[in-house]
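Structure first, then comments.
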Amino acid sequence: MPLLRDFPFAFGKRTPVLGLALASSALAALSWGSTSPAYAGNAHSSSSGPLVTPGRVSPQDPLTYLADHESYDKTGIILWKGNVRVWQGGQALRADEITYDRAAGIMRARGHVSLVQPDGSTTYADHVELSHGMKDGIGTAIYVRMEQNAKLAATGMRRSNGVVNDFSSAVYTACKTCAKNPDALPFWQFQAYGATQDRENQNIEFNHAWLKVLGLPVFYFPYFAVTDPTAKRHSGLLTFNVNPHDRYLGTYFTLPYYWVIDDQQDLTFVPLIASHTGPQLSAQYRHRFNFGKLKITAGIADDTRRNTPFYNAFGERSTGGKEHGAQGYIFGSGDFNLDRHWRAGFNVNIASSANYMRDYRLNGYGSDVLPTNAYLEGFGVGSHIMLDAQGYQGLNRGIINNKELPYALPRFSYDFTGQPDALGGRLTVHSTDFYVYRQRGVNDQRGELALQWDRPFQNRLGQKWLLTARLDSMLYHSTRLNEQPIYGKKGSHVSGQVQPTVSLKMNWPFLRTFAKGHGSQIFEPIVQFIASPNTGGAAMRSLPNEDSFTYEFSDTTLFALNRYMGTDRLDGGIRGNVGIHQNWTWNGHSIDMLVGESFQQHITRNRPAFSGLDHHLSDPVGRVTFTPNQYLDITARGRYNPWRKKFDYGEALFSAGIPQFRITGGYIYGPVTPYYYSYVNYNKGGNAIQNPYNQETSELSGGVSTRWRQYHFSAYARRSLSRKQFVATGGDVGYSNDCFGLDVIYVRQYTYIGGQRRNSTVLLNFTFKTIGNFGING
């Protein structure tokens, strides 16, 4: 049986009781030697040492060992042989033979030596000598395995204070070793004259290093440093980025620096030097709290480009403004949990000019506006409440003027869903109230209360019924209603609307199985009746409209009580909706489809053109999804106009292929809908519809992707058939394995942003595992 020993000593420190302990150990060995093939020991410090932080080693840490054989000599040297294991302070040492010199405090290990560190890395060697609690030492034929499959080999190593390891003739890689040919060279490796691993600063520095790919030297580095793979977060320089050519920046260079402030905060500095304009310094600050998070990105630059006037998409001349010289931006967001029911947050986006964002490639350029908002949000049992404020900064100069943009100061939303009542129904309450302010244009305030009661029930025939009673009520106070974007008939007045709605909907699903239980079919007629006052003509009654500029009649809204996207405009009148839903599923194949129409007693003329509801009988709408197997997936939907004998709306998507080769495609068609674009007064007739929105939408898109072993390829294209030009094209060709990636990416956009069309962009991206990404853009 094992022999347990307690040694009250620590490495590097001799104690008065050491001799007595060794003597007693020797007597114990004599008495148990014939029956104990293995020896185990536990050593403790005779005095309390300093506190040791996790991952650090102290000579005062207790030592435990296990060996097949143990012997001593008169000089005080202990010899452990056969599967020797020693543990101290989170470290574990294993070897065929270990000799411990008590007087010198030196431990020598030979044969299949492995040393496991508290961070999980393992060092293998032929021979090592350790002292001061394994904190100092030397070794030969070193091989270190770290996190993320990173490996470092060296002819020799010197260990200092447990935190610095100096290697001679070092080789570093993160590529896997070939199991069939372990002697084969890795895909890439750094071969250096010397290397230093600093565990305290969590980096590895190489001196006079060559980057070799497939054994061939590619690039020489007099000095090169990488983050220790065991580090989760580490301060230091990040990978640089070089772009040889950019339309606005010219040739530019960035070298970010990452600073770990503490366990909750970090800061990243990104200096940018360009040949066509002045420098920029940007920074990103992040802070993680126990109750939330904060992120702020800001920058300042000297934009020396002087931009010439341009003509926007509407053919209007825009002179822009002072968009050169000192420029800057700040983007920030925060989310904070106040308690289990309440949270608050903000999202701020401000830039000095649109051209500055374009020149320096800031995120958000190309959008019409930069949004800013702050909110307070609460959650209850079946309830949700939000109070927020919103504002916008216009970027599309000549089209959107900041004085015409709305500010919600504030907006209040409340939703409540009750429990089933005594009648089996459920009550829901909704309210969205706001004050919209514009420096130039309509100002209005709205108070809303919407009540809805739903009562589902079934009968013996298997019919599923849903009875709905709803009451919408809004009260408005508006000023300058005759200005944009409403262009009403009146100026300032108080108005409102109240609309009750009753609906009864029936779903009657029929189910049958076939193919010996391996398939099923669902045939489900759907009928709905809706009755409400025919309010219609909301625009003629000069009601404000802030949330209902879009109207959608398709298979997704066939059975909706209101097909406007908001509640400032409501569907009214007596109408009925019918549809048939069918589904077939068998042996991994499926077909799902829905077709339907709407019947309406009153025709509301104020709906958008081509809405599909221009007659008592609506245009039929439908959807079909066809998935015959795992190699093909098709979805199509549309709305057909039998009077024009053509589709007024349609879209389709398909995906076909195997994992190694895939083709995707899509098509979308939409008619001219000038009601959606009230950039100018649409009451003035033809003059209100301006380019480019006087053309229908007809766009085709497609893509292909393939993968073979470590190689991949993809390409895509979007083309507007109505405008007879491409919208965007691009592709990617690359190679990747377990430790390296190479991608050549091509992107071209044909749309005009800021009066100019962007050039083609080519990106060359290299990825080295544990090292980082290196990109070149052109």
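Points to keep in mind about this one:
- Test for residue 460: is it out of contact with any strand residue (DSSP E or B) (no Cβ under 7 Å at 6 or more places or on another chain), over 30 Å from residue 602 (Cβ atoms) and not acidic (Asp, Glu): yes
- Filter result for residue 215 (surrounded by fewer than 15 Cβ atoms within 10 Å (Cβ to Cβ), at positive phi and outside the structural domain of residue 362 (by TED's automatic domain parsing)): yes
- Taking every residue in the range 89-108 that is within 11 Å of residue 65 (Cβ to Cβ) and pairing it with any residue that is assigned to a loop (DSSP other than H, G, I, E, B), at least 6 positions away or on another chain, the pairs with Cβ-Cβ distances below 8 Å are 93/134; 107/11; 107/134.
- Residue list for the range 130-176, restricted to those being among the hydroxyl-bearing types (Ser, Thr, Tyr), closer than 19 Å to residue 211 by Cα and either surrounded by 19 or more Cβ atoms within 10 Å (Cβ to Cβ) or touching a helix residue (DSSP H, G or I) at 6+ places or on another chain (Cβ under 7 Å) (or both): 172, 173
- Unique match (being crowded, with 17+ Cβ neighbours inside 10 Å, at pLDDT below 95 and assigned to a strand (DSSP E or B)) among 408, 389: 408
- Of all residues in the range 118-138, those being of a type outside the set (A, V, I, L, M), part of a strand (DSSP E or B) and within 16 Å of residue 163 (Cβ to Cβ) number 4.
- Subset of the range 144-181 [of a type in the set (A, V, I, L, M, F, W, C), under 39 Å from the mean Cα position of the chain (by Cα) and under 17 Å from residue 206 (Cβ atoms)]: 144, 146, 150, 152, 153, 164, 170, 171, 174, 175
- Scanning the range 435-463 for residues that are among the polar types (S, T, N, Q), part of a strand (DSSP E or B) and surrounded by 14 or more Cβ atoms within 10 Å (Cβ to Cβ) returns 443, 445, 452.
- Residue within the range 411-422 that is surrounded by fewer than 16 Cβ atoms within 10 Å (Cβ to Cβ) and under 30 Å from residue 252 (Cβ atoms) present: no
- Long-range neighbours under 9 Å by Cβ, at least six apart or interchain, first residue over 19 Å from residue 415 (Cβ atoms) within the range 366-389, second in a strand (DSSP E or B) and acidic (Asp, Glu): 374/388
- Flag for residue 226 being in contact with a Ser or Thr (Cβ under 8 Å, 6 or more places away or on another chain), hydrophobic (A, V, I, L, M, F, W, C) and more than 19 Å from residue 154 (Cα to Cα): no
- Screening residue 544 against (1) under 42 Å from the mean Cα position of the chain (by Cα); (2) at pLDDT 90 or above leaves a single unmet condition, (2).
- From the options 537, 572, residue that is under 18 Å from residue 471 (Cβ atoms) and either in contact with a Gly (Cβ under 7 Å, 6 or more places away or on another chain) or modelled with pLDDT under 90 (or both): 572
- Residue list for the range 150-182, filter: within 22 Å of residue 94 (Cβ to Cβ) and either of a type in the set (Ser, Thr, Tyr) or assigned by TED's automatic domain parsing to the domain that holds residue 104 (or both): 155, 177
- Hits in the range 218-275 (condition: in contact with an Asp or Glu (Cβ under 6 Å, 6 or more places away or on another chain), over 18 Å from residue 771 (Cβ atoms) and either of a type outside the set (Phe, Trp, Tyr) or exposed (fewer than 14 other Cβ atoms within 10 Å of the Cβ) (or both)): 260
- In this entry, residue 153 is excluded by the filter for residues that are assigned to a loop (DSSP other than H, G, I, E, B), without any contact (Cβ under 8 Å) to a residue 24 or more places away in the chain and among the small types (Gly, Ala, Ser).
- Strands (runs of 3 or more DSSP E) contained entirely in the range 485-588, each with at least 3 residues that are out of contact with any helix residue (DSSP H, G or I) (no Cβ under 7 Å at 6 or more places or on another chain), surrounded by 15 or more Cβ atoms within 10 Å (Cβ to Cβ) and not small (Gly, Ala, Ser): 493-507, 519-532, 573-586
- You will find that of 120, 139, the residue that is closer than 30 Å to residue 185 by Cα, at pLDDT 90 or above and not charged (D, E, K, R) is 139 and no other.
- Looking across the range 636-660, just one residue is under 30 Å from residue 711 (Cα atoms), among the polar types (S, T, N, Q) and part of a strand (DSSP E or B), and that is 655.
- Complete set of residues in the range 161-185 that are in contact with a Gly (Cβ under 9 Å, 6 or more places away or on another chain), within 17 Å of residue 144 (Cβ to Cβ) and not charged (D, E, K, R): 162, 167, 168, 169, 170
- Matching residues, the range 608-632, being over 25 Å from residue 591 (Cβ atoms) and touching a residue at least 40 places away in the same chain (Cβ under 8 Å): 608, 609, 610, 611, 613
- Taken as a whole, the structure leaves residue 261 outside the set of residues that are out of contact with any helix residue (DSSP H, G or I) (no Cβ under 8 Å at 6 or more places or on another chain), of a type in the set (A, V, I, L, M) and at pLDDT 95 or above.
- Residue in the range 91-117 that is modelled with the highest pLDDT, counting only those that are in a loop (DSSP other than H, G, I, E, B) and surrounded by fewer than 17 Cβ atoms within 10 Å (Cβ to Cβ): 104
The values are calculated or read from the model by the stated rules, or taken from the named source; none is laboratory data. Remember, predicted model here, so these are calculated numbers, not experimental data. Here Cβ is always computed from backbone atoms with ideal geometry, including for glycine, and neighbour counts include all displayed protein chains.
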